[in-house]
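*Asks:* Sharing a structure, written as structure tokens. Questions coming.
The values are calculated or read from the model by the stated rules, or taken from the named source; none is laboratory data. These figures come from a predicted structure and were not determined experimentally. Methodologically, a virtual Cβ is constructed for each residue, glycine included, from the backbone with ideal geometry; neighbour enumeration extends over all protein chains shown.
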């Protein structure tokens with residue numbers, strides 16, 4: 001006769017109890033297997049979605065420079081640096097900002113790699129250990145996402161100090177000059193006459209000039225000081241005085257005639273206003289007038305003479321006005337409420353009769369182009385040593401030109417596979433962090 005099964009405490013089970021207990025155990029095993037299967041399926045679905053939507057896109061190659069490839073993760077990391085810096089300095093329109101820098105980031109990544117490869121061909125490298133040490137100098141140490149930026153900064157410094165040091169001459173042809181920028185030819189002729197009669201250059205520059213070169217603010221001339229020496233490239237590239245440079249390095253010593261510079265901007269202009277019509281009703285007053293912005297008082301008075309001789313304000317404004325808001329419409333600003341009229345013009349307009357023309361109204365809150373240089377070439381040296389700042393500038397300029405040659409070299413294959421949808425996906429990952 002079969003023995004009855006006992007539990008650990010010695011309690012006996014009947015055959016019916018034992019059969020019921022065994023059935024319960026089977027059901028538990030079935031439920032466990034089903035549960036595990038369901039979890040595996042759900043986990044597989046979730047994992048497949050994460051792989052498809054996150055992992056796989058992050059590992060797609062999106063940028064290539066010759067044989068070096070960058071995946072989406074590296075691009076997102078570079079974008080994130082821009083976003084972090086923008087927020088650090090108080091930016092509150094992150095999405096708009098990221099849209100504007102997305103393509104710039106592609107170019108920056110490509111250029112950093114071009115510089116790395118180009119420097120390597122010149123025998124100039126930066127090791128991982130050197131990058132690590134440089135990153136630790138920051139407090140707190142920079143994160144790994146800044147590695148490429150730090151490496152490129154170190155490479156450019158090495159290129160400047162080790163390669164371009166030998167490419168840029170330490171001493172070049174230089175001329176010692178002083179110059180002033182005047183708003184009109186007539187004013188330049190008048191000031192030149194006063195200089196020829198013994199007038200002091202610095203004093204006259206301080207009184208009339210809109211911009212000075214190597215004229216000291218205390219009113220002293222530069223003649224007895226070691227300033228005012230310029231190389232041609234420094235005047236053009238560093239200071240932006242191409243017209244001055246063209247004259248200086250083609251002229252002998254002495255004071256120039258007025259030299260016209262059509263592109264130089266100055267912080268002054270002169271308005272001419274023609275009042276057209278006034279309209280008043282129960283809702284208030286509206287004013288209609290035309291304006292013209294000119295570069296000098298002399299030009300403004302010349303235009304007034306032409307208007308008095310019968311020329312049309314509209315046509316002259318289209319030809320000569322520097323006010324971009326009204327130039328194409330011949331100076332017409334449409335109907336304006338008195339409160340919409342610029343304060344500088346309001347005094348004339350509110351008291352004007354239809355058809356009346358203002359005199360020149362000076363405005364020092366606008367920019368206009370054009371003026372005349374007076375340039376005094378004081379001395380010349382064929383082989384004068386550059387100042388440290390000018391020397392550093394020319395080495396940096398040589399580096400920039402070298403980088404341009406890397407971009408232009410047909411042997412360098414630079415590609416981006418990013419489309420608008422991928423860029424938007426990358427921006428979402430940055431903004432969502």
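*Asks:* Pick from 103, 92: which is modelled with pLDDT under 90 and either assigned by TED's automatic domain parsing to the domain that holds residue 150 or more than 13 Å from residue 153 (Cα to Cα) (or both)?
*Replies:* 92
*Asks:* Conditions: (1) modelled with pLDDT of 95 or more; (2) part of a helix (DSSP H, G or I); (3) surrounded by fewer than 17 Cβ atoms within 10 Å (Cβ to Cβ). Residue 64 meets all but one. Number of the miss?
*Replies:* (2)
For (1) surrounded by fewer than 18 Cβ atoms within 10 Å (Cβ to Cβ); (2) out of contact with any strand residue (DSSP E or B) (no Cβ under 7 Å at 6 or more places or on another chain), each residue gets a yes or a no:
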{"site": "278", "(1), (2)": "yes, no"}
{"site": "299", "(1), (2)": "no, yes"}
{"site": "303", "(1), (2)": "no, no"}
{"site": "324", "(1), (2)": "yes, yes"}
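*Asks:* Say whether the condition of being in contact with a strand residue (DSSP E or B) (Cβ under 8 Å, 6 or more places away or on another chain) and either surrounded by 15 or more Cβ atoms within 10 Å (Cβ to Cβ) or touching a residue at least 60 places away in the same chain (Cβ under 8 Å) (or both) is met by at least one residue in segment 148-168.
*Replies:* Within segment 148-168, not a single residue is in contact with a strand residue (DSSP E or B) (Cβ under 8 Å, 6 or more places away or on another chain) and either surrounded by 15 or more Cβ atoms within 10 Å (Cβ to Cβ) or touching a residue at least 60 places away in the same chain (Cβ under 8 Å) (or both).
*Asks:* Looking at (1) touching a strand residue (DSSP E or B) at 6+ places or on another chain (Cβ under 8 Å); (2) surrounded by 13 or more Cβ atoms within 10 Å (Cβ to Cβ); (3) modelled with pLDDT of 95 or more; (4) under 22 Å from residue 371 (Cα atoms), find the lone condition where residue 231 falls short.
*Replies:* (4)
*Asks:* Let me ask something else. From the list 223, 257, 217, which residue is assigned to a loop (DSSP other than H, G, I, E, B) and modelled with pLDDT of 95 or more?
*Replies:* Result: 257 is the single residue among 223, 257, 217 that is assigned to a loop (DSSP other than H, G, I, E, B) and modelled with pLDDT of 95 or more.
*Asks:* Of the residues that make up segment 346-362, is at least one closer than 28 Å to residue 156 by Cα and touching a strand residue (DSSP E or B) at 6+ places or on another chain (Cβ under 8 Å)?
*Replies:* Looking for residues that are closer than 28 Å to residue 156 by Cα and touching a strand residue (DSSP E or B) at 6+ places or on another chain (Cβ under 8 Å), one finds none in segment 346-362, hence no.
*Asks:* Being modelled with pLDDT of 90 or more and more than 30 Å from residue 245 (Cβ to Cβ) narrows it down to one residue among 81, 124; which is it?
*Replies:* Working: 81 fails: modelled with pLDDT of 90 or more.
After ruling out the rest, the residue left standing is 124.
*Asks:* So, one more: State all residues of segment 342-367 that are surrounded by 15 or more Cβ atoms within 10 Å (Cβ to Cβ), within 39 Å of the chain's Cα centre (by Cα) and at pLDDT 95 or above; if no residue qualifies, say none.
*Replies:* 360, 361, 363, 366
*Asks:* Go through segment 293-340 and count every residue that is touching a helix residue (DSSP H, G or I) at 6+ places or on another chain (Cβ under 6 Å) and over 25 Å from residue 186 (Cα atoms).
*Replies:* Total satisfying the criteria: 2.
*Asks:* State the number of residues belonging to segment 424-433 that are part of a helix (DSSP H, G or I) and touching a residue at least 40 places away in the same chain (Cβ under 8 Å).
*Replies:* Step one: filter segment 424-433 for residues part of a helix (DSSP H, G or I), giving 424-432.
Now drop any that are not touching a residue at least 40 places away in the same chain (Cβ under 8 Å), which leaves 425-427, 429-431.
Looking only at that region, the number is 6.
*Asks:* Here's a check for you: in segment 398-423, which residue that is in a loop (DSSP other than H, G, I, E, B) and in contact (Cβ under 8 Å) with a residue 24 or more places away in the chain is surrounded by the fewest Cβ atoms within 10 Å (Cβ to Cβ)?
*Replies:* Across segment 398-423, the extreme among qualifying residues is 413.
*Asks:* For segment 237-254, give me the residue count where each residue is at pLDDT below 95 and in contact with a helix residue (DSSP H, G or I) (Cβ under 9 Å, 6 or more places away or on another chain).
*Replies:* 3
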